[in-house]
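Okay, structure first, notes after.
The values are calculated or read from the model by the stated rules, or taken from the named source; none is laboratory data. Please read all numbers here as calculations on a predicted model, not as lab measurements. Positions of Cβ are backbone-derived with ideal geometry, glycine not excepted, and every protein chain shown enters the neighbour counts.
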Amino acid sequence: MSRLYEDLTAPEIATEISSSSILVLPVGAVEQHGPHLPLSVDHVIAHETATAVVDECGDELDVWQLPAMSISKSNEHAWSSGTLSLSAETLMAVLRDIGRSIAPTGAKRLVLLNGHGGNTTLLATALRELRLEFGLMTFLMHPALPPAYGGSSTESELGMGIHGGLDETSVFMHLRPDQVRLDRAARQVPESLERNTHVKFGGSVSFGWLSNDFNPDGYIGDPTGATAERGKQLFEQSIAALSEAMEEVKVFDFGR
Ligand SMILES: [Zn+2]
């Protein structure tokens, strides 16, 4: 049986979706990823991850996959041709409209599965807005937690593989092997940031940035050693971790 929300008929919403269902909204992006990757990376990773997680645990946990949002807030890449971006105000308004649309289905739990680090703070804000306005229980997951928000990246990248770096490039090589041009990639790590104790990615002091602040190519990390094998391993680890997390989402009750 399909677990795609859009494959249901309208009358089936009442019989298939209930207060114990979990709806998953994949949130991608279409934005520059340097010369070695296509614009689609975050969209493809969000969509493929959601599909694999729903395949893994959808029947058991009553999870339904909403159509992916391909375009989101990518204005740190607005300087680059190719990037398609919504403003923060527009993305928040769209999420609010989706929350309003979901509320009457009877589903109580909505998971945002976010493939684009540039959305993270806004989506975290949206969790509370949707909770307050529509009574939804809201959750934010990432295929991999972005390094700027406490996630890890490799030592050779000094923890700064935040965009088009080793892990993201590897995962994309696993998913779309024909679309990676590794011969065009180089190491692009803003080394001097490593000397800072506070003002750095994931540090105690955050800073506003655009992706061409660090170098004109707009990717940050070292994709040169990327392999599909590494990507497969990372992807499978991610699916296992997110499926396990989904079990906690299923029963989460604020500790009451
Ligand atoms: Zn990306």
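Remarks
- Residue within region 164-179 that is at pLDDT below 95, surrounded by 22 or more Cβ atoms within 10 Å (Cβ to Cβ), over 20 Å from Gly208 (Cβ atoms) and polar (S, T, N, Q) present: no
- Selected residue (criterion: surrounded by the fewest Cβ atoms within 10 Å (Cβ to Cβ)) from residues of region 143-159 that are touching a residue at least 24 places away in the same chain (Cβ under 8 Å), away from the ligand (no atom under 14 Å from the Cβ) and part of a loop (DSSP other than H, G, I, E, B): Gly150
- Subset of region 90-131 that is more than 23 Å from Asp62 (Cα to Cα) and among the small types (Gly, Ala, Ser) - its residue that is surrounded by the fewest Cβ atoms within 10 Å (Cβ to Cβ): Ala93
- Condition met for Leu166 (in contact (Cβ under 8 Å) with a residue 24 or more places away in the chain and either touching a strand residue (DSSP E or B) at 6+ places or on another chain (Cβ under 9 Å) or closer than 28 Å to Leu95 by Cα (or both)): yes
- Within region 180-198, the presence of at least one residue that is of a type outside the set (Ser, Thr, Tyr), farther than 30 Å from Ala103 by Cα and within 20 Å of the chain's Cα centre (by Cα) is confirmed.
- If you go through region 41-69 and pick out every residue that is among the polar types (S, T, N, Q) and either in contact with a helix residue (DSSP H, G or I) (Cβ under 8 Å, 6 or more places away or on another chain) or at positive phi (or both), you end up with 2.
- One residue stands out in region 160-183 among those that are among the small types (Gly, Ala, Ser) and at negative phi: the one that is farthest from the ligand (Cβ to nearest atom), namely Ser170.
- Any hit, region 216-228, residues being aromatic (Phe, Trp, Tyr) and buried (at least 19 other Cβ atoms within 10 Å of the Cβ): yes
- Candidate set: region 187-213, residues that are surrounded by 14 or more Cβ atoms within 10 Å (Cβ to Cβ) and among the hydrophobic types (A, V, I, L, M, F, W, C); chosen: the one nearest to Ser85 (Cα to Cα): Trp209
- Scanning region 171-208 for residues that are part of a loop (DSSP other than H, G, I, E, B) and closer than 29 Å to Ala228 by Cα gives Arg176, Val180, Arg181, Ala185, Ala186, Arg187, Val189, Pro190, Phe201, Gly202.
A quick yes/no check of all residues on (1) touching a residue at least 12 places away in the same chain (Cβ under 8 Å); (2) assigned to a helix (DSSP H, G or I):
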{"residue": "Ser2", "(1), (2)": "no, no"}
{"residue": "Ala14", "(1), (2)": "yes, yes"}
{"residue": "Leu25", "(1), (2)": "yes, no"}
{"residue": "Gly34", "(1), (2)": "yes, no"}
{"residue": "Pro38", "(1), (2)": "yes, no"}
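- Checklist (1) within 19 Å of Ser70 (Cβ to Cβ); (2) in contact with a Leu (Cβ under 7 Å, 6 or more places away or on another chain); (3) at pLDDT below 95 applied to Gly117, failing item: (2)
- The residue pairs whose first member lies in region 115-131 and is without any contact (Cβ under 8 Å) to a residue 60 or more places away in the chain, whose second member is within 16 Å of the ligand (Cβ to nearest atom) and among the charged types (D, E, K, R), and whose beta carbons are closer than 8 Å, counting only pairs six or more residues apart or on different chains, are Leu122/Lys73.
- Checked against the criterion of being within 16 Å of the ligand (Cβ to nearest atom) and surrounded by fewer than 19 Cβ atoms within 10 Å (Cβ to Cβ), the candidates Ala68, Ala78, Ala29, Ala46 yield just one match: Ala78.
- Selection within region 241-256 - in contact (Cβ under 8 Å) with a residue 60 or more places away in the chain and under 13 Å from Ala52 (Cβ atoms): Leu242, Ser243, Met246
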